[in-house]
Amino acid sequence: MVEQPADGVYPEYWEADVVLRDGGTAHLRPIHPSDADAVQAFHAGQSQNSIYMRFFAFKARLSSKELKRFTEVDYRNRVAFVITIGGEIIGIGRYDRLDDPSEAEVAFNIADKHQGRGIGSILLEHLAAAARENGIRRFSAEVLPENRKMLMVFSDAGYDVKRHFDDGVVSLEFNIDPTDKSRAVMESREHRAEARSVQDLMAPSSVAVIGASRKWGTVGYQLLEHIIEGGFTGPVYAINPEALELAGMLSFGKLSEVPGPVQLAIVAVPYEEVPKVVDECAAAGVKGIVVASAGFAEDGDRGLVRQQALVRQARANGMRVIGPASLGMVNTHPAVSLNASMAPTLARRGGLGLFSQSAAIGVALYAASSRRRVGISTFLSAGNRADVSGNDMMQFWEDDADTTAVGLYLESIGNPRKFSRLARRLALTKPVIVAKSNSMGLQLPPGHAVRTTQAPGGALDAMMRQAGVIRVETIEQLMDVAQIVSAQPLPKGAGVAVFSNSGALGKVVADSATAHGLGVEALVADLDLDAGMSLALPELERRLSETLARDDVHAAVVAFLPARGLTVEKIAGALAGCSAGAGKPVVAAFTGILDPSVYVEGMVGDAAPAAPVPCYSNPGAAVAALSAVVRYAEWAHRDQGLFADPQGCDAEAVHADLELLLKDVRGEQLKELDPADAARLLGHYGITVLPSEGFVTADEAVAAADRLGWPVALKTTDPTLRHRLDLGGVRLDIQDPESLRLNILQMRRALEPYGSSSLEVQAMAPVGQACTFRAIEDPLLGPVVSFGLAGDAVNLLDDWAHRVPPLSAADLRDFIRSPRASRKLFGYQGLPAVDVAALEDLAARLSRLKDTHPEIALVEFNPVLATPQGVFILAADVRIGNAAQRTDSARRAMRN
């Protein structure tokens, strides 16, 4: 559990910026005694009907006693939240604990003019989260039957609501622990709201450039010029108090002088003027601002303070922020035609959506797409990514019919659990390509304010693979892959054909394909392209079409040396026709061409209806990109299965145990559970640790062995030696009291050089392969589970597999099979295969335990013996503590 707020102490960490149903933003915070006047004003602004619905009677004003009760709460037994826009309260939600300390009564009041914006649902989520922190498990409410909107808030929340009608009032009761259904409802609402929010930014009805300049070369001058010359379909307004005319049109001294509404503001003024501009935007009803200005978080701590204030100011007034230090945005849809960027011309239209955190890398990414003739749908440079993030863009792209694939360059992830969830969902229908900084998660990039990771190396990449992300190292590799997925069909398997006009080149390409995990089903390296266009092209088309028609061939790599009389465009046109006819991807590599005017790196052959062919100057790049697409297609086409929900997991029992065990734990302190407490806690999730007993004398050891059952194992409790047969820390298969007494004497003598340590006896498990499981709570990733084969594989070779819960059936299968040493689990050098299904079940229970209970800071099972008869946990280390708020909790909130 999260450490509870002290009675009466304002819980600042409950504050959150939220996105409303219509895409607008608001600020949610706990109520404070200083809100009395604002609450009275809110009440006075409500209609008689709304007041009656809330209080079951009409009252024109709240009494001073009522105001005191409503605004003075203890944040434990009585909690209230307000939602504000521009400082004005637009919604209030509260709970009061009842005589049963596990139950509270909940009530809401939403401003008339803001009803229908999803405010009640957001308040319910945050009240439920606060209540769970304070040990409350159920909510009840009384609602008038005619208050259908409020009844819908409860019925649509995804909880199992029980209702009954009594004395003219509908009484409701429901458990507030998150369920799969309530999470799905929350995520669906979050998706719709955030997608709508970004839609308003990417396709604005009108744009104002604030700081537009007549000075050539300035940011304001270029942004205004590019918007106009790009053909933006809505009205464009130039704002500059020192100019009457800009870019051939009338300019305005300030935003309030603009004759029509402004939906998007492009801000290019010095950073010290930005707060004033944001106030003007709020007064004008602007939905979003693109801040091109620098001088924020990239300017150190003082700049970070300015940036945080900017975001708070904008969100509190219902606006989203792109930037600061953003180089703008692009939307190529003909109905929008927006080039609010530093690029001089509007990009080629296509299906690729692009996002970049870094301004400099954004320029490189945009330039690479232009150079390679890869059409884009939308592009956004997030700059310091203070507000609008890659997560927001993925929400938008999921519903955007113009976007068929997405590419992101990331320097940090503010909310990786949400990223994983969104990327997994998006990748089921659209490829997601991510180029990330090698230091992402390990250190803070300039201008970013996010958590860093303490998870094992490789965990972040494993999370991306688990989510179906195509992970690349560089911008060029991102475009290599984007060329294929943005215009070609996905392959349905790993079988490929290799075509070439050179035997040697064909063999090299085939070997490269095999090394990348592709199956070379056909190698055609005797093509004669020097026979002239009238003969060579028809022969190429015939043989390639015949090969692509084979069931075992799912794609083709065509690698050619220069040929007389045949141009790259002519060959690409022929390949495009074959690809379109077969419905299978074809990639081409034209190597050895020295003429720089010959275009060989990008999309070649705009011969509609056939899509252009992805072309490369390096066959290795073509093969690497195709293999990445094949791996993604295999992930997308396979049955992911449901998220694992093992039978016999009692989360309520663990909650109850943790509340007792954490009573004496304060701050960031961790508590190591003794074996009995650990075994009881794990047992609630069907996880059994093989029993053991410590002893001092040999007689006590014999008595313990009698209770455990012979034969037994003898172990030291020293954490370094307890798994080391070679150092004498373990003795196995002791059959009788006499042998046990002798082994105790010999072990104590053998361990004398390592210092004294206590001993224990344990029931013997069948002979098997020693494995290890570990689960941690990471500041950045949240829960991370790891698996490996115990011993040198993990200790010396770092041969771990990592996953981020929740895990699907497919995730669990991959998880156990990912370590390189996992071959030993399936029969190795004459040994029988172990019960892999039992390993997967243990992994499912551990991941569910760690996902549900962030208070469990560490779980380590070492060793776990995997045998043909099942799995046996020989030792468990469990440590608990007060949980930090996860970055993807059961309440919606915008995060930087």
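The values are calculated or read from the model by the stated rules, or taken from the named source; none is laboratory data. All values reported here derive from a predicted model rather than from experimental measurement. Heads up, the Cβs are rebuilt from the backbone with ideal geometry, glycines too, and the neighbour counts pull from every protein chain shown.
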Condition first: under 18 Å from Gly383 (Cα atoms), of a type in the set (A, V, I, L, M, F, W, C), surrounded by 17 or more Cβ atoms within 10 Å (Cβ to Cβ) and over 33 Å from the mean Cα position of the chain (by Cα). Can you find one or more residues in the stretch 283-300 that meet it?
no
Residue check for Val696: at negative phi and not assigned by TED's automatic domain parsing to the domain that holds Ile880
yes
Does at least one position in the stretch 105-116 carry a residue that is closer than 30 Å to Gly881 by Cα and not in a helix (DSSP H, G or I)?
yes
So Ala38, is it out of contact with any helix residue (DSSP H, G or I) (no Cβ under 7 Å at 6 or more places or on another chain), in a helix (DSSP H, G or I) and either closer than 30 Å to Leu201 by Cβ or not assigned by TED's automatic domain parsing to the domain that holds Gln669 (or both)
yes
Report whether or not Ser205 is part of a loop (DSSP other than H, G, I, E, B), modelled with pLDDT of 95 or more and of a type in the set (Gly, Ala, Ser).
yes
Being among the β-branched types (Val, Ile, Thr) and touching a residue at least 60 places away in the same chain (Cβ under 8 Å) is the filter; apply it to the stretch 834-862 and report the residue that is surrounded by the fewest Cβ atoms within 10 Å (Cβ to Cβ).
Thr852
Those residues that are surrounded by fewer than 23 Cβ atoms within 10 Å (Cβ to Cβ) and assigned to a strand (DSSP E or B), I need them from the stretch 863-876; list them, please.
Pro863, Leu865, Thr867, Gly870, Phe872, Ile873, Ala876
Sort through Ala582, Ala574, Ala531 and tell me the only one that's modelled with pLDDT of 95 or more and either more than 40 Å from the chain's Cα centre (by Cα) or not β-branched (Val, Ile, Thr) (or both).
Ala582
Residue under question is Glu125, and the condition is that it be outside any loop (DSSP other than H, G, I, E, B), buried (at least 19 other Cβ atoms within 10 Å of the Cβ) and among the charged types (D, E, K, R); does it hold?
yes
If Ile228 satisfies all but one of (1) touching a residue at least 24 places away in the same chain (Cβ under 8 Å); (2) more than 34 Å from the chain's Cα centre (by Cα), what's the number of the condition it fails?
(1)
Could you tell me whether any residue of the stretch 523-531 is surrounded by 18 or more Cβ atoms within 10 Å (Cβ to Cβ) and closer than 30 Å to Leu428 by Cα?
no
In the stretch 26-79, which residues are among the hydroxyl-bearing types (Ser, Thr, Tyr) and touching a Pro at 6+ places or on another chain (Cβ under 8 Å)?
Thr71, Tyr75
Is there any pair with a first residue in the stretch 789-802 that is on the phi > 0 side of the Ramachandran plot and a second that is assigned to a strand (DSSP E or B) whose Cβ atoms are under 9 Å apart and which are 6 or more apart or on different chains, and what are they?
Gly791/Ala770; Gly791/Thr772; Gly791/Pro863; Asp798/Gly788
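If a residue counts only when it is more than 23 Å from Arg638 (Cβ to Cβ) and either under 30 Å from the mean Cα position of the chain (by Cα) or at pLDDT below 95 (or both), which helices (runs of 4 or more DSSP H) contained entirely in the stretch 748-854 have at least 2 such residues?
Filter on the stretch 748-854 gives 792-795, 836-852.
The rows are residues; the columns are (1) crowded, with 17+ Cβ neighbours inside 10 Å; (2) under 30 Å from His554 (Cβ atoms).
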site: Glu634; (1), (2): no, yes
site: Gln669; (1), (2): no, no
site: Pro675; (1), (2): yes, no
site: His684; (1), (2): yes, no
site: Arg707; (1), (2): no, no
site: Thr717; (1), (2): no, no
site: Leu721; (1), (2): yes, no
Give the residue, chosen from Val553, Val509, that is assigned to a helix (DSSP H, G or I), within 37 Å of the chain's Cα centre (by Cα) and not aromatic (Phe, Trp, Tyr).
Val509
